[in-house]
Amino acid sequence: MTNSPHVVVAGTRRILSPEQKRIILAETDGPAATASEVACRHGLHSSLLFRWRRALLAEQQAAAAAVPPSFQPRTDNLQEVINDIRYCHYCVLWTLTP
């Protein structure tokens, strides 16, 4: 038997809050920690930690995608920009013509 403080009995399912899952996942971020060690310490299977990690990453990506971009191009001076581009184009053509 391992040194696990939890006794896993068939048919037993613990329900952990999202905060508890994040705390357990944070333990795997250490340089010397492995998912297997952390899972054993909490009486879990390591595949469950990887599933939680994927779910957390999906939540973070969905939250990042929901944020609108902070940069909005200005359109009030669009005609001025177009005129400047035309003028520059004309100047370049004029200087290149023999």
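The values are calculated or read from the model by the stated rules, or taken from the named source; none is laboratory data. Since this is a predicted model, take the numbers as computed values, not measurements. Every residue, glycine as well, gets a Cβ built from its backbone with ideal geometry; the counts of neighbours run over all protein chains shown.
Going by what's in this entry, would Arg22 be described as among the charged types (D, E, K, R), at pLDDT 90 or above and touching an Asp or Glu at 6+ places or on another chain (Cβ under 9 Å)?
Judged against the criteria, Arg22 is not a match.
Any residue in the range 41-58 that is among the aliphatic types (A, V, I, L, M), outside any helix (DSSP H, G or I) and modelled with pLDDT of 85 or more?
For the range 41-58, residues among the aliphatic types (A, V, I, L, M), outside any helix (DSSP H, G or I) and modelled with pLDDT of 85 or more: present.
Please specify each residue of the range 75-98 satisfying the condition of being at pLDDT 65 or above and not in a helix (DSSP H, G or I).
Matches in the range 75-98: Thr75, Asp76, Asn77.
For residues in the range 25-51 being within 16 Å of the chain's Cα centre (by Cα) and either loosely packed, with under 13 Cβ neighbours inside 10 Å or of a type in the set (Val, Ile, Thr) (or both), which is farthest from Arg14 (Cα to Cα)?
So the residue we want is Asp29.
Scan the range 52-78 and report the pairs whose first residue is surrounded by 10 or more Cβ atoms within 10 Å (Cβ to Cβ) and whose second residue is modelled with pLDDT of 75 or more, with Cβ atoms within less than 8 Å and a gap of 6+ or a chain change.
Every condition considered, the pairs that remain are Trp52/Lys21; Trp52/Ile24; Trp52/Leu25; Arg53/Leu25; Arg53/Thr28; Leu56/Lys21; Leu56/Arg22; Leu56/Leu25.
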